Structure formats: C-alpha cells, structure tokens
1. Trp193's amide H: which non-local residues (gap 5+, or another chain) put their own amide H closer than 5 Å, with H modeled 1.01 Å from N in plane and none for Pro or chain starts?
2. Can you compute log10 of I(q)/I(0) for the chain with the Debye formula, treating each Cα as one identical point scatterer, at q = 0.08, 0.09 Å⁻¹?
3. Which pairs in the list Lys70/Lys128; Lys75/Lys241; Lys241/Lys305; Lys75/Lys305; Lys50/Lys265; Lys241/Lys341 are over 23 Å apart, alpha-carbon to alpha-carbon?
4. Give me the number: length gained by fully extending Leu306 to Asn384, i.e. 0.36 nm times residue separation minus the C-alpha to C-alpha distance, one decimal in nm.
5. Could you let me know the centre-to-centre spacing of the stretch 363-387 and the stretch 28-88, using Cα atoms, in angstrom?
6. Measuring from a point 7 Å past the Cα of Met52 along Cα-to-C-beta, which residues in the stretch 281-296 have an amide N at less than 15 Å?
7. How many angstrom separate the Cα center of the stretch 134-197 from the Cα center of the stretch 262-295?
8. Provide the percentage of antiparallel DSSP beta bridges, counting only those with both residues in the stretch 58-287; round to the nearest 5.
Amino acid sequence: MYFSPAIANMPASGIRRIGELAAARPGTITLQVGEPDADTPANINAAAAKAMTDGHTHYEPNAGIVPLRKALAHKVTTVNRVPADWSNIVVTNGAVEGLFTVLASVAQAGDAVMIPDPSWPNYSMMAKILGVTEQLYPMDTRTGAIDVQVLESMVTPATRAIMINSPSNPLGTLLSQENLREIYDFAVRHDLWILADEVYDQLVFNGTMVSMGRVEADALGLPDDQIPAASRVISVYSFSKTYAMTGWRVGYLVVPDALTDALTKIQEPVVSCVNTPAQYAALEALTGPQDFVTEARARYGERAKLAQRLFADAGIDVTAPDGAFYLWVDTHGDAQEIAEKLVIDHGVAVGPGPAFGPSGKSAIRLTLASSEADLTEGIRRIINSGLIE
Ligand code: PLP
C-alpha cells in the first residue's frame, strides 16, 4: 500500500534512541529529556477537576475559551510587552500544534522556511511533513547570535518565513534586542513572516528576555498597546515548560490580524478545539499564584551555575545558558557515538547534538530539569568517562 514518502523518509529521533537505551539499563541517570522534573501544581489540577464536575466537557470555540484568551492577551501585553487584543490569541494543542498550523498557513510544498541550526528537531520534522524546503541557518553555538549577513546569503524568492527561538532549545541562549532588530529588518526586506518561538519566556534566569513582537512594535514606532496593522510576527508560547504542564497540551499563539481567521479556521480540521478542562486548568495557571514559576526559574538558574562549575573544574568549556533548562557541551568528538557510549558504558543519558542539526555534530545537550543530585552524579559520570576533551 502507498503511504506518504514525507513520513516514510522521516529519520527517527536520535534523542528517542538514547531514551530507549536508557530504559533498558536501570540506574541510568537521564539528562536527555526536555521537560520539568516537577509535577503540575495542585491548584491547576484542582481547576481541571472542577471544570469537569461543572460540566465543562464539551466542544469549545476553535480559538479557545474567551476567558482564557482574555487572560492570555493580558499576559502577553504586560509580561512580554507584545501588543495584542484577545482576538489575536489562538489557544493550541501545545506550542507544537500552533507551530505546525502556522507553518501550514504561511508555506506550502515547494516554499522554503529558514530554521535555526541547532534547534528543536520538531521544526525540521514539520517542514518535512509539509514538503517545505528547510533553509538551516547557523546560530553561534557559544552566544546564540544570528549573523544576518548569512541569512542574506541564504534567502531565496521561495522563502516565506524565518523561525527563531529565544531562549533557545538546545543552547539556552537569548537573542539580544539588537540581533532581534536586525532579523526583523531582514524579514521586512524580504517580506517574510517571523515565527517567534518563545515557549521558555518565563524561564529566563540571566539577562532580560526581549520578545520579537515588542521589537516589531518598537521598529514601527508604536506605543505599547497599539497592535501593528500589518504585523509579520507570530509569537508562540506554551504552558508546558512554565507550569510543568507538558502532558496537558496547551499552548497559544499571538497572531497578526491578517492571519487570525486562517489560524482559527485551521483548528477545526486539525484539533477542533483544545481539551476543555485543560483550558480551565491553564486559566488557573495564569491567574492563580505564580510562586511555582518563580521557584522553578531560580532552581534552573542554580542548576545551570552548578553544572557550569562542575564542567569548568574539569577544564571543559560549555555554552553559558540564560534561560530554558539546557546545557550545550562541545565534546570535540563524534557526538552520536559519544552519547551512545555514555549511556551504554557509563550510565548517563544525554541528548546527542546531531539531533538538533548539523552544527551539533560534536555536541551533547544536558537537561537542567533534573535533581541537583542526578545532575551532579550525571556530570561526574560524563567527566570520568574521559570521552569529552
Ligand atoms: N518549542 C520548543 C523550542 C520546545 O523545546 C518545545 C518542547 O520541547 C516546544 C516548542 C513544544 O512545547 P509544547 O509542549 O507546548 O508543544
């Protein structure tokens, strides 16, 4: 029987392979997963349970329940300083579904999209499913900076959009305001959409997060609350990382006026709406106490310091993260082979860099969303393996 070559030819995830090797070896320290180690806070769970008993178990509007969209518009305008009305908010089945529907809305087979290298592997998988050509552009793996001259050399008339991610998975770096502005001006020159993945926006422990949506408003000289009439920025956020809600599947988009109809419409055949009790849980997450987030942010910052110190003591250089919960370590060797040896021979699972793009061929990614004890022991095993120069 026939089935789509786009799916048949999609490579298996290198991170999953490490996960399978780890699962077969009890006692392995797992530093390869990309999710918080904490469970969802109790007040959020209780809100979902209440929503169910209150009968909120039906289909809801494609773009999400109105109170949640209103609360999200308030959040993005006050926290991210991205101008938005609640009509610009679309609640999605995790950021992942938002990214996919945006990509499907702005590019079709034969078009091209610029994707960071290294980056979260799902961007590239989405492009492959849609038959969209990937134009992988380099990020400086030490600073996360993007060289706009390189973007200029790669862009073609087929390019429709550029994806950016700050704080970065896997680097943990932030894009500076100046760099964001350069990227914005580049997008204007070539009439591109900008997909700004800011799912780690609340987990910044060093420096200040600047949102691309704010940079656009400033570039156009608009006051804080004025929505750009011809915006080209689509901002992507999530409850997953901020509130330890990865399994709930709630994310949201800030969508320019020109795209709100399309992105609302596309929800119907794809998911119809996001799980209704999960939307009420998300509303509680946003409007309830925020100590969980403050504490998680501080914890990741402490762990980043701890991990950097342990590697520095061993004379190993790492990329200093500003946010998210990852540490990028250059092994100066064949990273896939090293990651496999680390799990098989040394009992520590890490993300192999090649899974994040060609620039990761000699790097590994560690998650800081593990206990201090696991992180310390895992790093000890990595250093003692002698596999990293
Ligand atoms: N964007 C980035 C950069 C991520 O790292 C992840 C998850 O790992 C996502 C989006 C997806 O988040 P969600 O759980 O909301 O789909």
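The values are calculated or read from the model by the stated rules, or taken from the named source; none is laboratory data. Note that this is a predicted model, so its numbers are computed, not measured. With ideal geometry, Cβ positions are generated from the backbone for all residues, glycine too; neighbour counts draw on all protein chains shown. Just the protein is used for accessible areas: all its heavy atoms, side chains included, with ligands, DNA and RNA removed. Shrake-Rupley method; radii C 1.70, N 1.55, O 1.52, S 1.80 Å.
1. So Trp193 has HN proximity to Ala161, Ile162.
2. Results for the chain at q = 0.08, 0.09 Å⁻¹ read -0.41, -0.52.
3. Violating the 23 Å limit, Cα to Cα: Lys70/Lys128; Lys75/Lys305; Lys50/Lys265; Lys241/Lys341.
4. 26.4 nm
5. The stretch 363-387 and the stretch 28-88 have Cα centres spaced 32 Å from each other.
6. The answer is 281-282, whose backbone nitrogens lie closer than 15 Å to the label point.
7. 28
8. 35
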